[in-house]
1. Regarding Asn175, is this residue buried (at least 20 other Cβ atoms within 10 Å of the Cβ), over 21 Å from Val67 (Cβ atoms) and not aromatic (Phe, Trp, Tyr)?
2. Run down Tyr10, Tyr74 and say which single residue is open to solvent by less than 30 Å² (accessible area, probe 1.4 Å) and within 14 Å of the ligand (Cβ to nearest atom).
3. Name the single residue that is nearest to the chain's Cα centre (by Cα) among those in segment 161-179 being within 12 Å of the ligand (Cβ to nearest atom) and closer than 12 Å to Thr23 by Cβ.
4. Quick test of your reading of the structure: Gly154 fulfils all but one of (1) more than 16 Å from the ligand (Cβ to nearest atom); (2) at pLDDT 95 or above. Name the failing condition by number.
5. In segment 29-68, which residues are touching a residue at least 40 places away in the same chain (Cβ under 8 Å) and either acidic (Asp, Glu) or within 12 Å of the ligand (Cβ to nearest atom) (or both)?
6. Among the residues of segment 80-89, is any of a type in the set (D, E, K, R), within 16 Å of the ligand (Cβ to nearest atom) and at negative phi?
7. Going by the structure shown, is Asn194 modelled with pLDDT of 95 or more, within 16 Å of the ligand (Cβ to nearest atom), open to solvent by less than 60 Å² (accessible area, probe 1.4 Å) and not in a strand (DSSP E or B)?
8. Please go through segment 104-132 and give me each residue that is farther than 24 Å from Asp61 by Cα, touching a residue at least 40 places away in the same chain (Cβ under 8 Å), of a type outside the set (A, V, I, L, M, F, W, C) and open to solvent by 30 Å² or more (accessible area, probe 1.4 Å), ordered by number.
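The values are calculated or read from the model by the stated rules, or taken from the named source; none is laboratory data. Bear in mind the structure is a predicted one, so any value in this text is a computation, not a measurement. Here the Cβ positions follow ideal geometry from the backbone for every residue, glycine too, while neighbour counts run over all protein chains shown. Quick note on the areas: whole protein, heavy atoms, side chains included, nothing else; ligands and nucleic acids left out. Shrake-Rupley method; radii C 1.70, N 1.55, O 1.52, S 1.80 Å.
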Amino acid sequence: MPFSLPELKYPHSALEPHIDTRTMEIHHGKHHAAYTTNLNNAIKDTPMDSMPIEEILMTLDMGNAAVRNNGGGYYNHNLFWELLSPNGGGEPSDELARAINDQMGGFAAFKDKFSLAGMGRFGSGWAWLNVYPGGKLEIASTPNQDNPLMPGVGGGMPVLALDVWEHAYYLHYQNRRADYIQAFFNVLNWDEANRRFNRFK
Ligand code: MN
């Protein structure tokens, strides 16, 4: 099987009180694990079983629901865990801070717009901050496990990813998605976001 569930770089309890231990255990150990297993089953004995996940997503037949849903789920959660940290929060720095200030009218305006993208996603999906070659930033959202790498979805590369599926917050926050989004900003790993911005700009 080509893909495996990544270990977290921090304990499941490390993001308390912002993201609770039980949610992390189920989200990583059950949901992400299932996307991984189902992706491996879906690409078995196809040309995709020797491709990196990015190539699978960028060349995806969007009619292939099993790979679209599980390949998206596998990649999106890999990214999400990297963008969280017990030492997170605060504001971006360096190049990403300058780009947000220049293009989005400052950090507060950016945070409002990104939060609205997460709030406005009806049902299950993700909010994104994407960067295009040349450094242009874009806030977007996608349904289900779609992501900006997939054909016809966007074209930029994700700098930030926010899971707004109910499984990401319902145990602790119930229907209060806005509170969960605020909590996300308290554990957001801006160092990783800045690295991604510099890699893909
Ligand atoms: Mn999720």
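1. The answer is no for Asn175.
2. Matching residue, one of Tyr10, Tyr74: Tyr74.
3. Filtering first and then ranking leaves Asp163.
4. (2)
5. His31, His32, Tyr35, Asp49, Glu54
6. Yes, that holds for at least one residue.
7. no
8. Lys111
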